Amino acid sequence: MKYIKIPKVYDKLKKAEELFSPVIMTAGTGWGKSAAVEYYYRRKATLTLTCRNGNITEMPSPDSFRISVVIIEDMQWLSEEESVRYLRRLLHTPGLQVLMLTRGGMIPKYLAAEEIDLGFVRVQETDFAFGEKEVEEYFREEGVFLHPDDALPVTEASVGYPCAVHYYAVRMGESEEGRYTEEIRAAVWQDTYRLWDGQVYEQWSDDFVHFALCVCRFDEFTTEMAEYLTGDRNIQRVIEYCCDHTNQLRIHDGSYSIRPETRRYFSWKQELLWSEEEISENYRRAANYYEMKGNIPDALRYYQKAGATQRVKELLIREAGMHPGTGHYVEAREYYLALPKEEIRKSPLLMSGMSMLYDLILQPEQSEEWYRELNEFYQNRKNSREKRREARARLAYLDIGLPHRGTRGILDIMKDVFALVQKGDIVLPEFCATGNSPSVMNGGLDFCEWSRNDRQIAKIMTGPLEGLLGKYSNGLVTLALAESGFEKGTMSPYEILTRCNDGFVAAAYGGRIEMCFVSVGIQVRQHLIEGQLSPARRIFDAFSEKAALEGAEHLMLNIEAFRVWLSLFGQNDASAENYIRSVPDAMVSFCISDRYRQMMKLRCLIAQDRLDKAFELAAFLTRYFEMYQRTFYWMENELLKAIILYRREDPHWRDHLHGALEKAADYHFVRLVSIEGAAILPLLKELEESGGLSDLGEEYTAQVMHECIRVAVSYPDYLKYIPRETVSLTDREMQVLSMLCAGMTMERICEELGISYAGLKKHNRNIYKKFGVSSRAEAERKALQLGLVHHSKQTGA
């Protein structure tokens, strides 16, 4: 059959021939390495040498060669020193081109120096992959009709693997319809597996085969996990064998994975070689490993595959006893929701867990339903005293912790529960006041109302909080006061940072890392307000490293969200777009534990000028914030909504901005507004000019405006507006516009730019025309709206 020329491979071989460079081809069995070399050098005399058992089988002297091309087959097996020296001699022989064909995934270590000195041309597996064009050509050569609609499915399903394409041609040629189907796809991979069985399986070492059979069912694994599954304490040796002699392993972030096609092959092989009991035991061992590592969702997944239903239930009960910050309610929701109701009703922990789970996924009615079930269990004296006491403790826990109940009456509830704890009537599970976010006031619950009388309440509640929260109370009160003082702008930077340091130390020594995150969050915001981005980043980076070292996995998602937010103050880079893709679509799957991440996603959408998507998300979040009495988040969301609508030129931005400011002024929250700096400033100025701030209190509005201007000057690119309409100004027009917006007089501008008054008027007319305005004031407003400038004469610029 005619060889199907692959352009990428041909071009690289041509380049190597022109430069007389050595070539190393790295690809698995059946990708066409030998066929490509044979085709390219079909008109030249070549010498082919083969490697077996660590040696090159024949090593004729280069002096005797009558050819200029040497091909080394199966170089993945080469290890013997004499053969390695011979290969180096070939590589350094003038006038000789060497092509090395290997199934290994990388260039051997013993050729590292030659690779640098001689400049190897590397032809990789992806270069050999068939595209649609090659698939169509192959079918034509085989005399098999390929329907135009099937070219892409065959290419994708075969991953461009030539052997698989061959089997598709055979199978589709033999079928009555001659079309691609899922049945044919399954049959083709069976054909491929049988090919590998005959050509490759026997060449792999027993240790590698055992290793692959043990790990093939899992998406990724660490060296430790592979050791646990195989029982081989020297598993690193097997992994090194994989890297040196095969291209089957992929390495990413310290973990390994077997390439998908090979995983499926070994899963197929496992079912042939292992009994059902052995396969179940493999799953159980993996589940046990994940459980030891705290990866509860994967532990549940593989216990279920192992048929260990009792262990699944035990694990769910254990997780239900934890607070949402460290538990895995949402990740394990499918397992909780699959539990029969009669099973749930037997366990106070499960009933409590179900109440919390439904609240986390925005189903408060079902949450209250399970709360009532738990209360009925407590009231039923037929239940054991121990179980009823457990139910009473879980009721008290839910009274404080259920998110949808908000904070109305929460202080009295805390006092009552604390009294029960003191009397020894109940033992409460751990509480976390932060919800894994860098805030106490806007953490697990919303404490805006608390901030009105923060110092008095702190004195009253310190004792109960310590009794209820245990280690989570270390540093909490001093940090809550620091945060309240920061948000209201009533506490000096010195006192805020001192309290944060004290709170961090209290939390770090005998407390919880969650409170350290709060301390860092307040410190970073304080530095940002003062225009000190570099110290803010240093503090955050140091904490990120601490969290990673301590294995605080439950904080990592919100730490990453905080990192992205910080990047918006420095510059708008790819991190915003990448972050948008990483956060779940709230309209598809929302959990209130994701609220902090969703708000950062909203800011990223604004920064990327994806305003329709941003407004859709903001509108969705409004329902949650209102239903669950999240006042602080509601105000933030309304500010961001106003920014979105302003940039869409929707006049309703005024209503949303005024509503947010009215509520913020009620609590005297200044920093909630001013931290949005450059993004919110144009709106504030326009609302001020129209008298829309007059009812909010002169002192408050002056403080907000002053701080917004200061933040905008420090971070002019924060949430930088990318205008939907293109306004192309010349460099000179941009200079004139900047000076106009800085409040400079016409005479001063002429003097600074060295132009005549008539010349300046001409530039003004051009700017007005491009903006579609008729006055200087309108031009300034339009420039702010389009994001071309971020401050005006009021900044003192």
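Using alpha-carbon pairs under 8 Å, 6+ residues apart, how would you state the relative contact order of the chain in percent?
This gives 7 percent for the chain.
Based on DSSP H runs of at least 4 residues, each adding -39500 (n - 2.57), what is the mean residue ellipticity at 222 nm of the chain after dividing by all its residues, to the nearest 500 deg cm²/dmol?
Value at 222 nm, helices only, nearest 500: -19000 deg cm²/dmol.
With a probe of 1.4 Å, find how much accessible area the range 17-99 has per residue, and write the answer as a whole number in Å².
49
Leaving out ligands and nucleic acids, note down the accessible area per residue over the range 626-717 with a 1.4 angstrom probe, in whole Å².
Ligands and nucleic acids excluded, the result is 35 Å² per residue.
In whole percent, how big is the carbon plus sulfur part of the accessible area of the chain, probe 1.4 Å, protein atoms only?
Ligands and nucleic acids excluded, carbon and sulfur reach 48 percent.
Given a cut-off of 28 Å, name the pairs among Lys663/Lys720; Lys305/Lys471; Lys109/Lys269; Lys641/Lys769; Lys293/Lys471 whose C-alpha atoms lie farther apart than that in the structure shown.
Beyond 28 Å between Cα atoms: Lys305/Lys471; Lys109/Lys269; Lys641/Lys769.
Quick one: accessible area per residue over the range 309-449, 1.4 Å probe, rounded to a whole number of Å²?
Result: 44 Å² per residue.
Take each of the peptides 163-173, 399-409, average the number of other beta-carbon atoms within 10 Å over its residues, and list them starting from the highest.
Taking the mean over residues of other Cβ atoms within 10 Å, the ranking is 163-173, 399-409.
Report the trypsin sites (Lys or Arg not before Pro) located in the range 99-159 that are in a DSSP loop and have at most 14 other Cβ atoms inside 10 Å of their Cβ, or state none.
none
Taking only C-alpha pairs under 8 Å that are 6+ residues apart, what is the relative contact order of the range 187-331 in percent?
Averaging sequence separation for qualifying contacts and normalising by length gives 17 percent for the range 187-331.
The values are calculated or read from the model by the stated rules, or taken from the named source; none is laboratory data. Only a predicted model underlies this, so the values are computations on that prediction, with no experimental measurement involved. Heads up, the Cβs are rebuilt from the backbone with ideal geometry, glycines too, and the neighbour counts pull from every protein chain shown. Accessible surface areas use protein heavy atoms only, side chains included; no ligands, DNA or RNA. Shrake-Rupley method; radii C 1.70, N 1.55, O 1.52, S 1.80 Å.
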